[in-house]
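The values are calculated or read from the model by the stated rules, or taken from the named source; none is laboratory data. This structure is a prediction, so every number in the text was calculated from the model and none was measured. Methodologically, a virtual Cβ is constructed for each residue, glycine included, from the backbone with ideal geometry; neighbour enumeration extends over all protein chains shown.
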Amino acid sequence: MKPSDHALIAIKAALNALPIVGGSIASLIGDYVPISTQRSIEKATELLQNKLISLEGRIDADAVNKDEFSELFKSCYLVVIRTTHESKLRAASAILANILLKPGDSEKLSYVELDHFVRCLDGLSTGAITALGTTRKLAAQNNIQPDQDGNQTLSFEMLSNELETIEPSLILGLAGELNAFNLIHIHGRPAIPTTQYGNYPLSLTPLGKRFVEWFLEKQP
């Protein structure tokens, strides 16, 4: 029996021990989790296939035999089985396709960067990914020019207004996730802060911009 099967049995046993609702919840998990995971795998496979078709003639078939591909494949697979959100599935497929590009391709990123990006993808909540994409959109729409380090800075209020259905304190928490991966930089508390963090400066880093452009915006 696979370790994953053991884990699922343990979870169902624990849920069955709960009064009244345990049995029904355990049954729901038993029925839904395998189906949901399979759907995610199938969707990611479809997205990867479409991506590879769009890159026809630029793929290095021998790359699948290299250790770097093997490592990245396992990391992407973990992302796929942990989510049903298409934005994450699409990004994982695009990351995997990128490492298969032939050496010297102008769009091929280094393994170090791809490895970092897949760990970003695995570690970030879907809300944080939405916040990152929105920050990138705002920077482009408002023609915010990069500073000498390539950072594009905007106010927290701009992001909060765009994500109006999300509480400001939660948006700041999402920005904190992105800050940890250096996709967005939080500059810290202003000398005279306004309400709801409105004048807190946030910067879209070059790394964050690249992540959005290559793996969230690009379509096959």
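A count restricted to segment 66-87 and to residues that are part of a helix (DSSP H, G or I) and within 15 Å of GLN38 (Cβ to Cβ) stands at 3. Selection of first residues in segment 110-131 that are under 10 Å from SER75 (Cα atoms) and of second residues that are modelled with pLDDT under 95 and assigned to a loop (DSSP other than H, G, I, E, B), restricted to Cβ pairs under 8 Å at least 6 apart or on distinct chains, gives the following pairs, ordered by first then second residue: ASP122/ARG82. Looking at this structure, is LEU18 more than 25 Å from ALA128 (Cα to Cα) and either in a helix (DSSP H, G or I) or modelled with pLDDT under 85 (or both)? Yes: the conditions hold for LEU18.
So that you can scan it fast, the table gives a plain yes or no per residue for (1) in the same structural domain as PRO34 (by TED's automatic domain parsing); (2) among the hydrophobic types (A, V, I, L, M, F, W, C); (3) farther than 30 Å from PRO201 by Cβ:
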{"site": "ALA63", "(1), (2), (3)": "yes, yes, yes"}
{"site": "VAL79", "(1), (2), (3)": "yes, yes, yes"}
{"site": "THR84", "(1), (2), (3)": "yes, no, yes"}
{"site": "PRO103", "(1), (2), (3)": "yes, no, yes"}
{"site": "SER106", "(1), (2), (3)": "yes, no, yes"}
{"site": "LEU132", "(1), (2), (3)": "no, yes, no"}
{"site": "THR135", "(1), (2), (3)": "no, no, no"}
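Just give me the residues in segment 44-69 being among the hydrophobic types (A, V, I, L, M, F, W, C) and either within 25 Å of the chain's Cα centre (by Cα) or modelled with pLDDT of 85 or more (or both), in sequence order. Result: ALA44, LEU47, LEU48, LEU52, ILE53, LEU55, ILE59, ALA63, VAL64, PHE69. Identify all residues within segment 179-199 that are within 16 Å of MET158 (Cα to Cα) and aliphatic (A, V, I, L, M); write none if there are none. Selection gives ILE184, ILE186.
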